[in-house]
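Below is one structure, written out as structure tokens; the observations come after it.
The values are calculated or read from the model by the stated rules, or taken from the named source; none is laboratory data. Worth saying up front: this structure is predicted, and the values here are computed from it rather than measured. For neighbour counting, all protein chains shown are included, and Cβ atoms are generated from backbone atoms with ideal geometry for every residue, glycine included. Please note that ligands, DNA and RNA were not included when accessible areas were found on the heavy atoms of the full protein model with its side chains. Shrake-Rupley method; radii C 1.70, N 1.55, O 1.52, S 1.80 Å.
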Amino acid sequence: MFDAMPTTPSHALMQDPAFAAALRLCGEDPITLPSGLLLLNRRLAGVPVLMLPRAAPPPDLPKQLADAGLSRRLLILSPEHPCKMPRALRMMPRQALLRVDLSGDDQTRRAGLHQKWRNQLRRAEGSLLRVTQRRMNASHPMLARAAEQSRARRYQGWPTALTAAFAKAAPEQTQIFTALLRGHPVAHMLFLIHGNRATYHIGHTTPEGRKTHAHNLLLWQASIALHRAGIMEMDLGPETTPQIDRFKCRAGAQQVMTGGTWLRWAPF
């Protein structure tokens with residue numbers, strides 16, 4: 001278990017100081033504006049660009065960029081929520097994210113689970129599965145397994161090195177839940193903490209884990225532990241496949257729309 005975290009403002013994972021620290025450990029050079037917002041250095045078709053990920057642009061963004069000598073750089077904006085985007089060109093439409101509200105008590109949240117999902121959870125709770133929670137170190141074998149699974153299924157996510165760097169930079173914010181069957185791990189779920197929110201980052205399961213509904217048990221136990229630590233929301237990532245989305249929605253996740261992706265260039 002980890003200690004209850006202080007009440008901190010809600011912000012996206014990619015705007016957390018631990019994310020910036022992880023990038024620096026990987027040799028990258030993110031920029032922190034005076035407002036505290038994080039800018040990433042990226043390339044678009046070989047052209048250097050800045051990216052403001054998962055944050056609404058503040059009204060004085062042009063001034064902050066000018067003060068930092070960045071006013072003439074191309075800027076990609078991807079606000080977490082829909083907002084006004086003056087003088088910007090849309091690149092990609094809004095994206096649907098799935099998010100679980102953890103503000104209610106355990107009994108109320110359990111009653112809100114889909115009946116089939118709750119039945120699977122009940123069977124997992126009645127099995128020989130046991131759940132552990134701990135900080136994940138940067139060399140945890142689950143990272144390699146998740147990378148193999150991502151390549152096989154063609155998922156796009158963080159490089160393994162970046163996840164390992166996050167674990168090194170902020171171990172208390174890197175919580176791994178493991179389902180054990182007769183002492184052997186059969187499933188994992190990794191959550192990254194950011195402010196009063198937590199993001200499900202990566203997971204892995206085995207045939208035994210699927211058969212015993214280990215991920216139902218892990219997600220439920222994680223929601224309880226995170227709630228007790230002061231976490232108010234659990235981000236389960238974007239919509240992907242019907243099967244995975246159904247699992248998340250039956251666990252209580254609600255659809256939240258992002259603000260899309262936009263391109264801004266001051267001279268234009």
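Once the range 243-268 is narrowed to residues that are aliphatic (A, V, I, L, M) and open to solvent by 30 Å² or more (accessible area, probe 1.4 Å), the residue that is farthest from Leu219 (Cα to Cα) is Ala266. When the range 4-34 is limited to residues that are hydrophobic (A, V, I, L, M, F, W, C) and open to solvent by 70 Å² or more (accessible area, probe 1.4 Å), the one that is modelled with the lowest pLDDT turns out to be Ala4.
Each residue in the range 207-242 was checked for being crowded, with 16+ Cβ neighbours inside 10 Å, free of Cβ contacts under 8 Å to residues at least 60 places away in the same chain and not small (Gly, Ala, Ser), and 3 pass. Within the range 151-174, can one find any residue that is closer than 20 Å to Thr206 by Cβ, touching a Leu at 6+ places or on another chain (Cβ under 8 Å) and aliphatic (A, V, I, L, M)? No - not one qualifying residue is present in the range 151-174. What about Ser127, is it open to solvent by less than 60 Å² (accessible area, probe 1.4 Å), small (Gly, Ala, Ser) and modelled with pLDDT of 95 or more? In short, yes. For the range 35-68, which positions are outside any loop (DSSP other than H, G, I, E, B), open to solvent by 10 Å² or more (accessible area, probe 1.4 Å) and touching a strand residue (DSSP E or B) at 6+ places or on another chain (Cβ under 8 Å)? If the condition is that a residue be outside any loop (DSSP other than H, G, I, E, B), open to solvent by 10 Å² or more (accessible area, probe 1.4 Å) and touching a strand residue (DSSP E or B) at 6+ places or on another chain (Cβ under 8 Å), then Asn41, Arg42, Arg43, Leu44, Val47, Pro48, Met51 are the ones that fit. Scanning the range 91-110 for residues that are open to solvent by less than 40 Å² (accessible area, probe 1.4 Å) and outside any strand (DSSP E or B) turns up Leu102, Gly104, Asp106, Arg109. Residue pairs whose Cβ atoms lie under 8 Å apart, separated by 6 or more positions or on different chains, with the first residue in the range 153-171 and open to solvent by 70 Å² or more (accessible area, probe 1.4 Å) and of a type outside the set (Val, Ile, Thr) and the second assigned to a helix (DSSP H, G or I) and at pLDDT 90 or above, are Lys168/Ala22; Lys168/Leu25. From the list Ile193, Ile202, Ile224, Ile244, the one residue that fits, being farther than 21 Å from Ala18 by Cα, touching a helix residue (DSSP H, G or I) at 6+ places or on another chain (Cβ under 6 Å) and not polar (S, T, N, Q), is Ile224.
In this structure, Leu121 does not satisfy being farther than 22 Å from Thr212 by Cα and modelled with pLDDT of 95 or more. In summary, Ser139 fulfils each of the numbered conditions (1) hydroxyl-bearing (Ser, Thr, Tyr); (2) under 23 Å from the mean Cα position of the chain (by Cα); (3) farther than 27 Å from Met51 by Cβ; (4) open to solvent by less than 60 Å² (accessible area, probe 1.4 Å) with the single exception of condition (4). Looking only at the range 181-203, decide whether some residue is within 25 Å of Gln243 (Cα to Cα) and exposed (fewer than 15 other Cβ atoms within 10 Å of the Cβ). No, the range 181-203 contains no residue that is within 25 Å of Gln243 (Cα to Cα) and exposed (fewer than 15 other Cβ atoms within 10 Å of the Cβ).
Restrict the check to the range 69-78 and report whether at least one residue is open to solvent by less than 80 Å² (accessible area, probe 1.4 Å), touching an Asp or Glu at 6+ places or on another chain (Cβ under 6 Å) and assigned to a loop (DSSP other than H, G, I, E, B). There is no residue in the range 69-78 that is open to solvent by less than 80 Å² (accessible area, probe 1.4 Å), touching an Asp or Glu at 6+ places or on another chain (Cβ under 6 Å) and assigned to a loop (DSSP other than H, G, I, E, B).
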